[in-house]
Amino acid sequence: MNRIEEIIAIMEDVSRYPAKAIRESMEETGKEVIGCFPLYTPEEIVYAAGMIPVGLWGGQKEIKKADKYLQSFCCSIMKENMEHGMEGSYEFLSAIIIPAYCDTLKCVCENWKAAVPDIPLIAMVYPQNRKITAGVEYLVNEYKRVKDELEKISGKKITEKELEESIDLYEEYRKTMSQFVAIASKYPRTIDAKKRHSIIKAAYFTDKKWYIPLIKELTTELNMLPEEAFNGIKVIATGILAEPEVLLDTLVQNNITFAADDLAHESRQFRTGVSNSGTPLERLALRIAGNQKCALLYDEEKTRGQLLLDLVKEYKADGVVVFMMKFCDPEEFDYPIYKKELEAAKIPMLYLEIEQKMDSVEQIRTRIQSFKEMLTV
Amino acid sequence: MKESKTSKQLLQELLNQHYEEALEAKKSGELVAWSTSIAPQEFLETMDIKVVYPENHAAAIGARKCAQEFIDNSEARGYSIDLCSYARVNIGYMDIKESVAGNIPMPDFIFCCNNICNTVIKWYENIAKELHIPMILFDLPFNHTYEVPDHSVKYIRGQFENAIVQLEEISGKKFDYDRFKEVMKISSETAKWWKQASNEAAARPSPLNGFDLFNYMATIVCMRGKKEGLNLFKLWAEELHDKAKRKEGPWKDAEEKYRVMWDGIACWPYLSDTYKVLKKNGINMVTSTYPDSWSIIYDSNDLDGMARAYSSNYANRNLEFGADNIVKLVEDFSLDGIIFHSNRSCKLMDFRQYEVQRKVSRRTGIPSVIFDGDQTDPRAFSLAQYETRIQALVEMMEQKKKERANRE
């Protein structure tokens, strides 16, 4: 096994067994762990508090308890998170942060108080009018609140210096990831759609100080290899997240690879950096203000279609794959708008309606095969 | 002698006038806005900008049983069947532009306030994009705390100030602060009378047939900042008050046997079906969580108070408030039961319903049922299921009555 394979195997292991990876991180670092619900939470503040933020993006559990709180037409990530919380699989968390980006998140946050009373909740709201002064101030105040809550849990004050250092670390993470995905697109066989997903996902369950050097090493090692010839189909993936993994298997089997992504779970996390001016919390707030083209952040110009067109062009992609998380209102509202724009530009599009746990993926398999056939004719 | 009009007659006249004026304004080149239903209309009224409310219009289309055509149109363009049906109807209407339920002019800009849900942000973004028009957004953060926090008030106030600048730019007119003060006063007064009128239903029997709340709701949405609106709700409150004094119940031909609350929006396409099943069983819907959302009351010229009032509607409040609010309604309106509408369109209302139901049940002991429906999509409701659930509610309420009688 060469070093590239080794690092990929480590990342796959972390992604496949998140609880194990988190417990190992806790043991190695002696740090407490804070759960972070989708989509964006101030991980920098958590890290500055001397704790490890971990991402909670659902799972594959059969829903038995969450139905007590949520109707059937609720997005599967939120149902899974409720289920995991109620089942006790998050018991190692010192607290969780739930941001209210959408109506479902608002409700899940409220239900959490009753459903999982043992895990302290830090509720927060990100402003939608985030570019105006009042919006930036509001977010800074929300961050202060989160900071206070975290200090209560850890029992110690977070210093400005710790915040600055944490922001630097996260900037490094974002740069490292941006470089990785850019390089990875040149090695579609070594870094196929599924491996790419696992590598990016592993960041959610580990200490960034452990994770970043490995990704840097992986990127460097890849960069030393000659670019890989690829006769398959290169696509841009868009949506909340690209799961269940069996779909990625099907894509790989059909020789379809991700040239780049616009997934909330992946590139949307790291494609926007912090601002260089202001206090640490202002820098973080301005990062959100500058964050565009996400379905969960107000965008009156609806620039997502243009982003997808730009990505297609930049990466010479053959088409766009839409991972539509069923019952996700924000994503479902964006779709008709960018669909029209992609169709006008004659960009082939594959629409996959997904839930995290799917009883049958046969229909989707067929759709992926037809998409491939359509593009290889 | 000129005979004075009843509030019901006035209601219809005002609604007709509201739509006619907007269509007329559009024809003569004046600005028209589309607004969400609980937005700070004070700013638009001050600028004398005509407004129509897509939610009102979609509800009217639903009630005229012609929503399907519009829903089909938007779904054909990629709008998911799982999205809010008001949005699907409205987006379909933007293309079809013709309905037997009445027409509305296309907007010159969009006025959106997310105190009712975040879905409206996405829906209105799409309108703004499709029509290439500006959008003014009021982002009223969801209140995870019981009360509206001070930093939210400050943020909302900042957005009010920002919106004034945006409105001045869009209209090319100066914002008249004296007029604004007056509109604020009228709006609060109207809201007080609206609340007063709905509170009259606390009398036993209730002088109000609660489904009338749904009819009058269209007017509190669009007439809150106008003197005509104020007069209408004052008249309605007085009519109900007189009726209560005369001990008149909701119906001439039937007695009020049970008093219930309705949680959520009406099923507009089945308004009369849902009503008839209740009436047949002697059930009067005397109150609802939803109409109180327009009780937006604050002191004139108090922007902070206005910010707080707009963020205090139950949809934007935490679950604890939601439960307390219903417990209070149970007491104030002497309720026998609760009907929860699990409305496929409204995730924000639905996804707290189960826990609210449990909390209210524990604290009050009164029975309740949940039925599946939708505000405008006719496909998401089954009359048979609704009847069965109401029947179950009647049995539980009857049981409770017997238990009470035995104790006394």
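The values are calculated or read from the model by the stated rules, or taken from the named source; none is laboratory data. Keep in mind that what you see is a predicted model, and the values were worked out from it rather than measured. FYI the Cβ positions are ideal-geometry reconstructions off the backbone, even for glycines, and counts take in every protein chain you see. Ligands, DNA and RNA are stripped out before the accessible areas are found, and what is left, the full protein with its side chains, is counted by its heavy atoms. Shrake-Rupley method; radii C 1.70, N 1.55, O 1.52, S 1.80 Å.
Filtering the stretch B:195-226 to residues that are open to solvent by 10 Å² or more (accessible area, probe 1.4 Å) and either outside any helix (DSSP H, G or I) or among the β-branched types (V, I, T) (or both) leaves B:A203, B:R204, B:P205, B:N209, B:K226. Scanning the stretch A:233-289 for residues that are open to solvent by 20 Å² or more (accessible area, probe 1.4 Å) and farther than 30 Å from A:E165 by Cβ returns A:K234, A:E245, A:V246, A:D249, A:V252, A:Q253, A:N255. The residue of the stretch A:125-142 that is nearest to the chain's Cα centre (by Cα), among those that are surrounded by 22 or more Cβ atoms within 10 Å (Cβ to Cβ) and more than 7 Å from chain B (Cβ to nearest Cβ), is A:Y126.
Applying the condition of being among the acidic types (D, E) and more than 9 Å from chain B (Cβ to nearest Cβ) to the stretch A:332-360 and asking which residue is most open to solvent (accessible area, probe 1.4 Å) yields A:D359.
I'd like to check something: does the stretch B:160-167 contain any residue that is open to solvent by 20 Å² or more (accessible area, probe 1.4 Å) and at the interface with another protein chain (Cβ under 9 Å from one of its Cβ atoms)? Scanning the stretch B:160-167 turns up at least one residue that is open to solvent by 20 Å² or more (accessible area, probe 1.4 Å) and at the interface with another protein chain (Cβ under 9 Å from one of its Cβ atoms). Answer yes or no as to whether B:G229 is under 21 Å from B:I326 (Cα atoms), touching a residue at least 60 places away in the same chain (Cβ under 8 Å), open to solvent by less than 20 Å² (accessible area, probe 1.4 Å) and not polar (S, T, N, Q). Here the answer is no, as B:G229 does not meet what is asked. Selection within the stretch A:1-27: residues that are under 18 Å from A:M51 (Cβ atoms) and free of Cβ contacts under 8 Å to residues at least 24 places away in the same chain. The member of this set that is nearest to the chain's Cα centre (by Cα) is A:E24. Among the residues of the stretch A:276-295, are any more than 17 Å from the chain's Cα centre (by Cα), closer than 26 Å to B:S345 by Cα and in a loop (DSSP other than H, G, I, E, B)? Checked against the condition, which is being more than 17 Å from the chain's Cα centre (by Cα), closer than 26 Å to B:S345 by Cα and in a loop (DSSP other than H, G, I, E, B), the stretch A:276-295 yields no hits at all. Would you check if B:A266 is assigned to a loop (DSSP other than H, G, I, E, B), within 20 Å of the chain's Cα centre (by Cα), of a type in the set (G, A, S) and under 17 Å from B:D292 (Cα atoms)? So B:A266 passes the test.
I'd like to know if the stretch A:300-307 contains one or more residues that are part of a loop (DSSP other than H, G, I, E, B) and touching a Cys at 6+ places or on another chain (Cβ under 7 Å). There is no residue in the stretch A:300-307 that is part of a loop (DSSP other than H, G, I, E, B) and touching a Cys at 6+ places or on another chain (Cβ under 7 Å). Listed here are the helices (runs of 4 or more DSSP H) enclosed by the stretch B:50-146 that have at least 1 residues being among the hydroxyl-bearing types (S, T, Y), open to solvent by 20 Å² or more (accessible area, probe 1.4 Å) and closer than 25 Å to A:P127 by Cβ, and there are none.
Residues in the stretch B:367-406 that are more than 24 Å from the chain's Cα centre (by Cα), open to solvent by 60 Å² or more (accessible area, probe 1.4 Å) and hydrophobic (A, V, I, L, M, F, W, C): B:A384, B:M396, B:A405. If you take the residues of the stretch B:278-305 that are within 26 Å of B:R352 (Cβ to Cβ) and in a helix (DSSP H, G or I), which of them is modelled with the lowest pLDDT? In this case the residue turns out to be B:P291.
Taking the criterion of being over 21 Å from B:R358 (Cα atoms) and among the basic types (K, R), the residues of the stretch B:245-268 that qualify are B:K245, B:R246, B:K247, B:K252, B:K257.
For every residue, the table says whether it meets (1) of a type in the set (D, E); (2) open to solvent by less than 20 Å² (accessible area, probe 1.4 Å); (3) closer than 18 Å to B:S382 by Cβ.
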{"residue": "B:A266", "(1), (2), (3)": "no, yes, yes"}
{"residue": "B:P291", "(1), (2), (3)": "no, yes, no"}
{"residue": "B:W294", "(1), (2), (3)": "no, yes, no"}
{"residue": "B:Y314", "(1), (2), (3)": "no, no, no"}
{"residue": "B:N343", "(1), (2), (3)": "no, yes, yes"}
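Please work out if A:D318 is more than 10 Å from chain B (Cβ to nearest Cβ) and within 29 Å of A:T376 (Cα to Cα). Taking the combined requirement at face value, the residue satisfies it. Within the stretch A:345-367, the set of residues being in contact with a strand residue (DSSP E or B) (Cβ under 7 Å, 6 or more places away or on another chain) and either in a helix (DSSP H, G or I) or of a type outside the set (F, W, Y) (or both) comprises A:I347, A:P348, A:M349, A:L350, A:L352, A:E353, A:I354, A:I364, A:R367.
Of the residues making up the stretch B:318-332, those that are more than 19 Å from the chain's Cα centre (by Cα) and away from chain A (no Cβ under 14 Å) are B:V327, B:K328, B:V330, B:E331, B:D332. Look at the stretch B:350-364: where a residue is more than 9 Å from A:N111 (Cα to Cα) and facing chain A (nearest Cβ under 7 Å) and a partner is buried (at least 19 other Cβ atoms within 10 Å of the Cβ) and of a type outside the set (D, E), sitting 6+ places away or on another chain with Cβ atoms under 7 Å, you get B:D350/B:S342; B:D350/B:N343; B:Y354/A:Y69.
When A:G58, A:G35 are checked against the criterion of being away from every other protein chain (no Cβ under 14 Å), buried (at least 21 other Cβ atoms within 10 Å of the Cβ) and part of a loop (DSSP other than H, G, I, E, B), A:G58 stands alone in meeting it.
Scanning the stretch A:244-270 for residues that are in a loop (DSSP other than H, G, I, E, B) and at pLDDT 95 or above yields A:N254, A:N255, A:A264, A:H265, A:E266. The set of residues in the stretch A:109-124 that are open to solvent by 20 Å² or more (accessible area, probe 1.4 Å), within 24 Å of the chain's Cα centre (by Cα) and at the interface with chain B (Cβ under 10 Å from one of its Cβ atoms) contains only A:L121. Taking (1) without any contact (Cβ under 8 Å) to a residue 60 or more places away in the chain; (2) within 7 Å of another protein chain (Cβ to nearest Cβ) in turn, B:P141 satisfies each apart from (1). Across the stretch A:77-106, which residue is nearest to the chain's Cα centre (by Cα) among those that are surrounded by fewer than 24 Cβ atoms within 10 Å (Cβ to Cβ) and of a type in the set (G, A, S)? Across the stretch A:77-106, the extreme among qualifying residues is A:A100. Residues that are open to solvent by 10 Å² or more (accessible area, probe 1.4 Å), modelled with pLDDT of 95 or more and on the phi > 0 side of the Ramachandran plot: does the stretch B:34-45 have at least one? No: zero hits.
Of the helices (runs of 4 or more DSSP H) that lie entirely inside the stretch B:315-408, those containing 3 or more residues that are among the acidic types (D, E) span B:319-332, B:383-407.
Selection of first residues in the stretch A:118-143 that are at positive phi and of second residues that are open to solvent by 30 Å² or more (accessible area, probe 1.4 Å), restricted to Cβ pairs under 6 Å at least 6 apart or on distinct chains, gives an empty result.
Assess whether B:R363 counts as being under 27 Å from the mean Cα position of the chain (by Cα) and more than 27 Å from B:C84 (Cβ to Cβ). Criteria met by B:R363.
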